Ligand code: AMP
């Protein structure tokens with residue numbers, strides 16, 4: 001069975017085709033500059049990567065272009081479109097309406113429309129991607145796999161904000177979290193490794209956007225991102241958690257209007273704003289190595305905040321069996337992992353400094369560490385493909 005996984009952005013659309021017999025990717029690619037001119041990069045495994053300029057005025061035309069590449073005799077890997085059993089779409093925010101992976105119908109699309117306010121940058125492009133696929137592949141089932149779904153098991157004390165209850169209800173304001181598909185994948189892998197379905201795990205997804213989750217017996221019980229992906233630890237250009245009073249103060253003093261403030265908090269803060277160097281941790285590290293004190297402070301801030309979340313979530317779960325690192329920083333930056341988990345022996349957390357430095361090393365805890373420490377490359381696309389297959393095969397999710 002072949003499943004196509006689609007991740008639609010405003011002017012781009014990433015795709016991967018999975019052969020679910022082997023659970024391997026057989027082809028992948030990227031449609032870029034949708035609505036501008038159009039460029040497609042396609043790579044069938046074992047064949048040469050191709051790049052083509054193809055007009056893509058709409059997402060539907062981008063979908064047509066990728067289907068043509070997948071079915072092309074030279075560069076493709078399937079006979080025709082009917083070989084694709086279903087399409088799985090990555091959805092960033094499902095609000096309180098879409099709380100598990102689901103087959104698309106009119107009601108589901110109407111529910112996703114309601115999420116526009118909660119994730120304005122993502123929901124519109126997602127809808128364009130889904131409708132584009134429905135137009136080009138009208139008889140192929142479309143499935144939504146939703147990032148916020150994994151966090152729906154949080155208890156009220158973890159997801160509630162102390163604002164007037166009626167307003168929270170009226171505007172669906174609560175903690176939803178993000179990166180749920182990644183937290184679900186890596187915590188599942190950690191449970192497999194530990195051989196303990198009841199394990200207490202803290203998963204650290206540290207990338208350009210970062211979030212940390214507490215996963216108890218396979219269920220998310222808390223997570224650092226909130227109503228939107230702005231809350232939690234310092235990120236590439238997002239501020240993470242700050243005193244809310246800072247927002248009106250800066251709006252008044254700097255004359256920043258309300259509609260610009262959200263973009264400012266998302267794009268001008270974090271590593272970029274604090275270091276003044278870049279939103280990319282590699283650049284920030286290079287600057288710190290040259291003696292840039294603000295760059296060093298930005299690095300120290302993230303490590304300190306990770307440490308605090310690990311401690312807080314161990315308290316919330318009444319114990320800790322495993323800490324998992326994933327995503328760009330989590331998988332690659334051994335110094336960040338070491339700094340974040342330094343001096344936590346009293347928690348039973350002890351890193352093996354040498355293993356930690358070996359790229360691709362899975363277990364990085366010391367032999368006598370009570371808590372296991374793992375580096376697990378995330379694979380959100382595989383979760384999307386698996387859920388999509390399960391749903392079209394009639395399995396309960
Ligand atoms: P992601 O959003 O998961 O792609 O992660 C992007 C972040 O990972 C950026 O801040 C990068 O600087 C960081 N990153 C990627 N590779 C490395 C590396 N080898 N060492 C340190 N940071 C890295």
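Just so you know, all these numbers are worked out from the coordinates, no wet-lab data involved. All values reported here derive from a predicted model rather than from experimental measurement. Ideal geometry is used to build each Cβ from the backbone, glycine not excepted, and the neighbour counts take in all protein chains shown.
Mind giving me the FRET efficiency for residue 297 and residue 160? R0 is 45 Å, r the Cβ-Cβ distance, nearest 0.05 is fine. My answer for the efficiency is 0.90.
Over the alpha-carbon set of segment 234-299, divide Rg by the Kirkwood Rh and report the Rg/Rh ratio to two decimals. Result for segment 234-299 is an Rg/Rh of 1.05.
Annotation: extensible slack from residue 261 through residue 45 equals 73.4 nm (criterion: 0.36 nm per residue apart, minus Cα-Cα distance).
Per residue, the Cα convex hull of segment 6-75 amounts to 75 Å³. Computed from the alpha carbon atoms alone, the convex hull of segment 197-263 holds 86 Å³ per residue. Extension gain for the segment residue 368 to residue 24, taken as residue separation times 0.36 nm less the Cα-Cα distance, is 120.2 nm to one decimal.
Stokes-Einstein diffusion of segment 74-138 at 10 °C, 1.306 mPa s viscosity, Kirkwood radius from Cα pairs, rounded to a whole number: 121 µm²/s.
In percent, rounded to a whole number, the relative contact order of segment 1-64 is 23, using alpha-carbon pairs under 8 Å and six or more apart. Between 0 and 90 degrees, the angle of helix 180-194 with respect to the longest Cα principal axis of the chain falls at about 70 degrees. Fully extending the segment from residue 196 to residue 107 would add 28.2 nm, taking 0.36 nm per residue of separation and subtracting the current Cα-Cα distance. Diffusion of segment 1-156 by Stokes-Einstein, at 20 °C in a medium of 1.002 mPa s and with Rh set to the Kirkwood radius over alpha-carbon pairs, works out to 135 µm²/s.
Under 10 Å, Cα contacts only: if you run a Gaussian network model on the chain, which one of 372, 267, 47 comes out with the highest mean-square fluctuation? Judging by the Gaussian network model, the answer is 47.
Value of Rg to Rh for segment 4-45, rounded to two decimals, is 1.06; Kirkwood radius and Rg both from alpha-carbon coordinates.
Using bins of 5 Å that start at zero, the share of Cα-Cα pairs per bin across segment 146-224 amounts to 3, 17, 25, 21, 16, 9, 6, 3, 1, in whole %.
When the alpha-carbon atoms of the chain are used, the pair Rg, Dmax equals 21.6, 62 angstrom.
Report summary: the helix-based calculation at 222 nm, which adds -39500 (n - 2.57) for every DSSP H run with n ≥ 4 and divides by the residues of the chain, gives -11500 deg cm²/dmol.
Divide the volume of the convex hull around the Cα atoms of segment 246-397 by the residue count and you get 192 Å³ per residue.
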